[in-house]
Each structure stands twice: as C-alpha cells, then as structure tokens.
C-alpha cells in the first residue's frame, strides 16, 4: 500500500535517510525542513514534494499546517522527527525555551492543527524521541526552564515529553483511529549537537563519531513504523527501539503527568 508520509527534519540525519528509504519503497514522501536550500535539494534528489518551517517560530508551524492541509487530502503518516539540542538557554520569538519548543511544543502544535485530517485518514503519528528520555524530569510549572536549566537536562525533558505526548494522544484519539508511537534511533552520526555543549560536539563531531550509527541505521525503526501496519506489525502507544518495544522513563507511565503536560502545552501553543 502506497502511503502519503510527511517527515519533519527531513533535510539531514535520520530524517533524510528515512525519506530516501521510503521514496525508494514507493511511498509519497513530503519532506519538511528548516532550510529552503537544503530541503529543496533533498526533495529534488529524491523526487518528492517539500515544505519549510522553522520550529523556533510557531507562526511557521501554523503556516506549515495550513499548507499541508491544503495540498494533501489524505495524510497516512506524520513523522514528527525534527528536533535538536541547544547549548546555553535561548528564548524563541514566542517566549519559550528553544529546546522545549523545537522538540515538543512545535510538533505538538503541528499535530493538533492537523488532527481532523489525521483522524479522517486513520493516520499514524510517529515521534522521534531519544534514549536520554530516561534521564528526563518535567516540572509542569517550569517547562521553559526559568528556575533550572542545563542543555542535557532540557533535551532529556523534551524527549520524555515526546513519549508522554504520544501516550496521551493514544489515550485521547486511538478510538478515533489515530495510531501514535514513539521511538529512539540510538546515537547517530549526523550534524546533531553542532551548536550544543562541548561534550556533544566531542561525541558527534570528532573521530568518536566513527562509533556511532549511520543515519540509515538510525532511521530503520522510523521507516519500519511509517511503512507497516499499526495493530498488526507494531502496537500504538508504545515506545520502540530497534523495531522492538523498549522501556522508557518510569515517568512516561504517569497518566496525570501526561494529562498535565498536554494541558500546559495547549496553553503555551495558543
């Protein structure tokens, strides 16, 4: 079955690798990236359609949602893959901490704006998390990290938020036919962390990167989730790694935390 699959963060890393694999498999891929030049080049190389949005600007996310709803009457899969880790604490034009907005708030808003289409399409929503979710802690009254901030702490919290978001999406909309799932790609050699901490630059941008997975290896589970059948090949609401369910942070099981995060995020995205 040929699917229409939207992938954010498709101009680099595992997003680019996943887009290539899914196009090769015969799917209609829509590449979304921050850079018009890079995204257009990737789309032309793959022969797919493309759109741009900077997730550090929520007005870009709203425009992107409008474009996607206008051009794609059926959306089978939305892959919320865009993300990143920052260095020092930065505030977006919307007034939110950058890591939280790019990794969680923006994809949450994109998904919410597109929910009627996703429900009508019986779509799958995939979110790219990370193994560092297990270190994450969330303070619902300080999601923007005003009281306490570290680059790794903010990123870990955002990756935990990804899983809580998917589980709450599953709880709210699985009966309507939306299948939500999160996964962790493992440590992948890419441009990830280029503007972050010294440790992240040492891991991802020195000879140590030879020990990391290739983008294609990191993208494998994303490609599998996007191209197969929820409820038959994998189970919605779970967290995956290497095509198998894997344990996440124990806080991901906290329904009250998930509900609270959803409510806080809705208010922040207004």
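Selection within region 41-73: residues that are surrounded by fewer than 17 Cβ atoms within 10 Å (Cβ to Cβ) and touching a strand residue (DSSP E or B) at 6+ places or on another chain (Cβ under 6 Å). The member of this set that is nearest to residue 103 (Cα to Cα) is 67. Mind checking whether some residue in region 9-18 is outside any helix (DSSP H, G or I), surrounded by 23 or more Cβ atoms within 10 Å (Cβ to Cβ) and within 13 Å of the chain's Cα centre (by Cα)? Yes, some residue in region 9-18 is outside any helix (DSSP H, G or I), surrounded by 23 or more Cβ atoms within 10 Å (Cβ to Cβ) and within 13 Å of the chain's Cα centre (by Cα). When you check residue 64 against the structure, is it part of a helix (DSSP H, G or I) and either over 17 Å from the mean Cα position of the chain (by Cα) or touching a residue at least 24 places away in the same chain (Cβ under 8 Å) (or both), yes or no? Yes: the conditions hold for residue 64. The set of residues from region 135-156 being outside any loop (DSSP other than H, G, I, E, B) and in contact (Cβ under 8 Å) with a residue 24 or more places away in the chain comprises 135, 140, 151, 152, 154, 155, 156.
Taken together, the residues in region 21-59 that are in contact (Cβ under 8 Å) with a residue 40 or more places away in the chain and under 19 Å from residue 124 (Cα atoms) amount to 6. Out of 196, 182, 174, 247, which single residue is more than 20 Å from residue 80 (Cβ to Cβ) and either assigned to a strand (DSSP E or B) or modelled with pLDDT of 95 or more (or both)? Just one listed residue meets the conditions, 247. Residue 161 falls short on exactly one of the conditions (1) under 24 Å from residue 89 (Cα atoms); (2) modelled with pLDDT under 95; (3) surrounded by 15 or more Cβ atoms within 10 Å (Cβ to Cβ), and that condition is (2). From the list 159, 122, exactly one residue is on the phi < 0 side of the Ramachandran plot and either assigned to a helix (DSSP H, G or I) or in contact with a strand residue (DSSP E or B) (Cβ under 9 Å, 6 or more places away or on another chain) (or both). Which is it? Within the list 159, 122, the selection yields 159. Just one of the listed residues (8, 92, 4) is more than 25 Å from residue 144 (Cβ to Cβ) and either touching a strand residue (DSSP E or B) at 6+ places or on another chain (Cβ under 9 Å) or free of Cβ contacts under 8 Å to residues at least 40 places away in the same chain (or both), and it is 4.
The values are calculated or read from the model by the stated rules, or taken from the named source; none is laboratory data. Just so it is clear, the structure is predicted and the values come from calculations on it, not from any experiment. Here the Cβ is made from the backbone with ideal geometry for all residues, glycine too, and neighbour counts use every protein chain on show.
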